[in-house]
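J.: Below are the structure tokens for one structure; questions will follow.
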Amino acid sequence: MDQRDLVERAGQGDHDAFAVLVRGIVARLDAAARLILHDPELARDAVQEAFVKAWRDLPGLRDPDRFDAWIHRITVRSCLELLRRRRRRVIEVELTPSADVPVGDIGAFVVDRDQVERALRRLDPDWRALVVVHYFLGLPVPEAAAALGIPLGTAKSRLHRSLAAMRLELQLEPGSEAVELPRGQIA
Amino acid sequence: MSAFDRSERFLVELPEILTDIASPRVPDYVDDLLAQTAATPQRPRWTFIERWLPMGAIARRPLFFPTVPWRTIVTVALLIALLAVALIVVGSQSKVPPPFGPARNGALAFGDGDVYLRDSVTGESRLVVGGATHDFAATFTRDGKRLLFLRLTDGSSGSSDERITLMAANPDGSNAVAVSEPLVAPDWWDITPDDSAVVVATGDPSFGQVLKVANIRTPGPMRLIDVGDPAMTFSFPNLLGPTGTEIVFRGNTRTSAGRRSGLFAVHVDGSGLRPLTPTDGLDNDYLFPQPSPDGQFVTYTTWDGGAELNRIHALALQTGADRIVSDPTRNQGFATFSPDSQLIVFNTYSSERNQITVAPVNGRGPQLPMGPSYRVVQDQYITGSFSPDGKSVLVNDPASKETRLVDVTMGGDGQLLDWSAGNISGWQRLAP
């Protein structure tokens with residue numbers, strides 16, 4: 001059974017079909033939420049809220065082929081909404097156990113992942129979400145803009161400036177002029 | 001490695017680095033999550049506004065065929081040419097119904113695939129737009145000189161690649177021309193009072209629609225309405241009577257609390273954006289806004305999550321007073337006004353039955369069922385629309401293909417018509 005069939009069946013109240021859909025995408029959405037929120041508990045809340053909303057409103061999804069884009073949008077907006085509601089909450093920093101790190105040639109990266117994580121964290125959450133949606137979830141910029149509810153031009157501009165800020169943070173552009181952008185809400 | 005090389009490589013590696021940082025894994029709360037969703041009721045399909053687009057409400061626009069007294073005009077023209085011209089102008093103007101409000105009943109437009117006109121409720125039907133094209137949602141410009149309808153021009157109906165073009169033709173279906181670009185989900189549109197243009201909400205409703213203007217008289221590139229709020233998405237644009245200088249719409253935009261919905265008005269050129277309600281609604285609030293022809297009220301439908309019911313509200317535009325006008329114990333929504341702005345016709349529904357209902361907008365009178373209740377059939381919804389004179393309601397059930405004409409003062413089963421289309425989209429308005 002392909003995803004379209006699963007979405008159609010879930011939209012008609014088949015919870016087993018919905019469970020198959022959830023198990024297929026929850027890992028990636030949970031990871032995206034952790035990247036955006038930098039808080040595993042908040043990420044859990046955001047993903048749960050997103051899936052409850054998705055299940056409730058699935059009968060209203062017009063085009064089953066847009067399910068992925070739709071659930072991405074719901075999840076990202078759920079993340080940003082939670083962040084705004086709990087802006088003053090102390091962030092719990094997740095330390096990923098080394099055993100969980102996929103085996104790979106980490107040393108081959110031009111930058112250290114901790115540096116990237118720090119640079120990412122320093123971005124404003126809205127900007128960080130855009131980077132995550134585009135570079136991690138792989139949505140094209142127009143769809144990422146739609147997911148975040150911002151115009152395409154704004155998305156392009158923010159993405160450009162976010163990357164410039166991250167490069168600067170990572171000292172990949174030592175000669176670059178400073179980039180003015182909103183700083184992240186650490187807590 | 002140069003700084004440039006490192007920078008470029010960083011961009012290439014960023015997706016992999018992010019994957020490494022996040023290390024995606026199935027979280028341990030999946031079972032809890034699924035238990036939570038299993039305990040959550042799904043919203044019934046019929047409560048989604050996107051799946052309930054009563055074309056009768058869309059196409060209740062005015063129509064007029066002027067009957068010019070040619071013989072008299074020619075005679076008079078032989079005597080006083082200038083006076084004859086003046087009489088033509090004055091005579092034509094006097095035959096045009098006002099763009100908003102009651103009018104005399106004229107022809108009916110219907111069809112899904114081909115477009116037909118029926119001269120009156122009891123008259124003959126004739127095909128006006130046929131052929132291999134898929135044409136639907138036909139109505140007329142307010143002056144009756146052009147027939148407007150939608151044409152599926154790309155993709156298959158209901159698919160993500162579906163594109164629909166707004167067409168204009170002569171009333172007999174000839175000289176059909178595209179007046180819009182191929183559009184994604186042009187779910188709602190309305191005609192300006194001077195019949196020069198159509199305002200369309202278009203774009204994937206799941207991701208937010210924009211407002212565009214199509215010129216009917218001289219088709220060309222469509223104009224995007226820029227209201228000065230780049231975060232705003234639009235749905236259900238309707239020209240606000242009695243002047244039609246403003247568009248009333250449901251907007252969704254950024255607020256300090258996140259994205260929220262509300263009702264707004266804006267001039268057709270995009271200037272003068274003003275909120276009509278607080279911008280505090282969630283996805284299921286402030287749906288289906290419909291202004292009264294006299295411009296005094298806007299009705300809208302809001303989902304009451306606590307009661308699991310849709311509610312109809314009436315917002316007084318002068319005072320801002322907002323009250324619920326639907327039965328508090330029943331699921332009711334999607335109201336449109338009578339031509340005299342005194343009554344609303346709406347749908348009362350459950351998971352099993354649909355019922356068209358009429359009630360006074362001021363709440364001082366009973367709710368009257370119009371026609372029998374109809375069995376719910378997936379994605380097919382009954383519609384109820386007032387006749388231009390406001391004396392009757394035309395009830396259509398696309399599933400049973402039953403059409404009834406019901407007296408608004410009597411209610412009940414009304415008159416079962418000996419013809420049925422199930423998808424009547426417009427009723428011609430004539431000068432009183």
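The values are calculated or read from the model by the stated rules, or taken from the named source; none is laboratory data. Worth saying up front: this structure is predicted, and the values here are computed from it rather than measured. Backbone-built Cβ (ideal geometry, glycine too); neighbour counts: all protein chains shown.
J.: Would you check if residue B:102 is modelled with pLDDT of 80 or more, more than 32 Å from the chain's Cα centre (by Cα), assigned to a loop (DSSP other than H, G, I, E, B) and of a type outside the set (Phe, Trp, Tyr)?
T.: Considered against the rule, which asks whether it is modelled with pLDDT of 80 or more, more than 32 Å from the chain's Cα centre (by Cα), assigned to a loop (DSSP other than H, G, I, E, B) and of a type outside the set (Phe, Trp, Tyr), residue B:102 comes out as no.
J.: Let me ask something additional. Quick one: count up the residues across region B:131-177 that are within 20 Å of the chain's Cα centre (by Cα) and assigned to a strand (DSSP E or B). Give the steps one after another, and end with the answer.
T.: Looking only at region B:131-177, we keep the residues that are within 20 Å of the chain's Cα centre (by Cα), and these are B:134-144, B:146-152, B:157-158, B:162-168.
This time we only want the ones that are assigned to a strand (DSSP E or B), so: B:134-140, B:147-152, B:163-168.
Of the residues in that region, 19 qualify.
J.: Here's another thing I want to ask about it. When residues of region B:145-172 are filtered for being away from every other protein chain (no Cβ under 14 Å) and either within 19 Å of residue B:191 (Cα to Cα) or aromatic (Phe, Trp, Tyr) (or both), how many remain?
T.: Adding up the residues that qualify gives 14.
J.: Considering each of B:403, B:301 in turn, give the residue that is over 28 Å from residue A:61 (Cα atoms), buried (at least 24 other Cβ atoms within 10 Å of the Cβ), among the polar types (S, T, N, Q) and within 21 Å of the chain's Cα centre (by Cα).
T.: Answer to the selection: B:403.
J.: State whether the residues of region A:172-185 include one that is more than 11 Å from every other protein chain (Cβ to nearest Cβ), farther than 20 Å from residue A:43 by Cβ and at pLDDT 85 or above.
T.: Narrowing region A:172-185 to residues more than 11 Å from every other protein chain (Cβ to nearest Cβ): A:177-185.
Those still in the list that are farther than 20 Å from residue A:43 by Cβ too: A:177-183.
So of that shortlist, the ones also at pLDDT 85 or above come out as none.
No.
J.: Ok, one more. Of the residues that sit in region B:124-140 and are over 17 Å from residue B:178 (Cα atoms) and without any contact (Cβ under 8 Å) to a residue 12 or more places away in the chain, which one is surrounded by the fewest Cβ atoms within 10 Å (Cβ to Cβ)?
T.: Top of the filtered list is B:124.
J.: Return yes when residue B:218 is surrounded by fewer than 22 Cβ atoms within 10 Å (Cβ to Cβ), of a type in the set (S, T, N, Q) and more than 14 Å from chain A (Cβ to nearest Cβ) and no when it is not.
T.: It is true that residue B:218 is surrounded by fewer than 22 Cβ atoms within 10 Å (Cβ to Cβ), of a type in the set (S, T, N, Q) and more than 14 Å from chain A (Cβ to nearest Cβ).
J.: Counting only residues that are out of contact with any helix residue (DSSP H, G or I) (no Cβ under 8 Å at 6 or more places or on another chain) and part of a loop (DSSP other than H, G, I, E, B), how many does region B:226-255 have?
T.: The qualifying residues number 11.
J.: Considering only region B:338-351, state which residues are in a loop (DSSP other than H, G, I, E, B) and closer than 23 Å to residue B:240 by Cα.
T.: If the condition is that a residue be in a loop (DSSP other than H, G, I, E, B) and closer than 23 Å to residue B:240 by Cα, then B:338, B:339, B:340, B:341, B:342 are the ones that fit.
J.: A further question follows. With the condition kept exactly as written, say whether any residue in region B:316-337 is of a type in the set (Val, Ile, Thr), in a strand (DSSP E or B), over 20 Å from the mean Cα position of the chain (by Cα) and under 25 Å from residue B:249 (Cα atoms).
T.: yes
J.: Something else now. What's the number of the only condition in (1) among the aliphatic types (A, V, I, L, M); (2) surrounded by fewer than 24 Cβ atoms within 10 Å (Cβ to Cβ); (3) touching a Gly at 6+ places or on another chain (Cβ under 9 Å) that residue B:176 fails to meet?
T.: (3)
J.: So, one more: Given (1) more than 7 Å from chain B (Cβ to nearest Cβ); (2) free of Cβ contacts under 8 Å to residues at least 40 places away in the same chain; (3) under 20 Å from residue B:16 (Cα atoms), where does residue A:54 come up short, assuming only one miss?
T.: (3)
J.: Scanning region B:259-286 for residues that are modelled with pLDDT of 95 or more and in a strand (DSSP E or B), which turns out surrounded by the fewest Cβ atoms within 10 Å (Cβ to Cβ)?
T.: Applying the filter and picking the extreme gives B:274.
J.: Okay, moving on. What residue, among those in region B:231-258 that are within 14 Å of chain A (Cβ to nearest Cβ) and hydrophobic (A, V, I, L, M, F, W, C), is surrounded by the fewest Cβ atoms within 10 Å (Cβ to Cβ)?
T.: Filtering first and then ranking leaves B:257.
J.: In region B:151-167, what count of residues is obtained for those that are surrounded by 23 or more Cβ atoms within 10 Å (Cβ to Cβ) and touching a Ser or Thr at 6+ places or on another chain (Cβ under 8 Å)? Talk me through it step by step, then tell me what you get.
T.: Let us first name the residues in region B:151-167 that are surrounded by 23 or more Cβ atoms within 10 Å (Cβ to Cβ), namely B:164, B:166-167.
Checking the rest, the ones that are also touching a Ser or Thr at 6+ places or on another chain (Cβ under 8 Å) come to B:164, B:166.
Residues in region B:151-167 being surrounded by 23 or more Cβ atoms within 10 Å (Cβ to Cβ) and touching a Ser or Thr at 6+ places or on another chain (Cβ under 8 Å): 2 in total.
J.: Assess whether residue A:82 counts as being buried (at least 16 other Cβ atoms within 10 Å of the Cβ), part of a helix (DSSP H, G or I) and modelled with pLDDT under 85.
T.: The answer is yes for residue A:82.
J.: On the given criteria, is residue B:180 within 14 Å of chain A (Cβ to nearest Cβ) and out of contact with any Phe, Trp or Tyr (no Cβ under 8 Å at 6 or more places or on another chain)?
T.: Values: within 14 Å of chain A (Cβ to nearest Cβ): no; out of contact with any Phe, Trp or Tyr (no Cβ under 8 Å at 6 or more places or on another chain): yes.
In short, no.
J.: Can you report the number of residues in region B:349-361 which are crowded, with 21+ Cβ neighbours inside 10 Å and within 18 Å of residue B:313 (Cα to Cα)?
T.: Step one: filter region B:349-361 for residues crowded, with 21+ Cβ neighbours inside 10 Å, giving B:349, B:354-359, B:361.
The next check asks that each one be within 18 Å of residue B:313 (Cα to Cα); those that pass are B:349, B:356-359, B:361.
Selection size over region B:349-361: 6.
J.: Also: Please state which of the following conditions residue A:34 fails to meet, knowing it meets all the rest: (1) touching a Pro at 6+ places or on another chain (Cβ under 8 Å); (2) within 22 Å of residue A:127 (Cα to Cα); (3) without any contact (Cβ under 8 Å) to a residue 40 or more places away in the chain.
T.: Answer for residue A:34: the failing condition is (3).
J.: Additional query: State which residue is surrounded by the fewest Cβ atoms within 10 Å (Cβ to Cβ) when the search covers only region A:16-29 and only residues that are more than 12 Å from residue B:33 (Cα to Cα) and facing chain B (nearest Cβ under 8 Å).
T.: A:27
J.: May I pose another question? Using the structure shown, decide if residue A:44 is facing chain B (nearest Cβ under 8 Å) and under 19 Å from residue A:146 (Cα atoms).
T.: No, not satisfied.
J.: Please give the number of the condition residue A:13 fails out of (1) within 10 Å of chain B (Cβ to nearest Cβ); (2) in a helix (DSSP H, G or I).
T.: (2)
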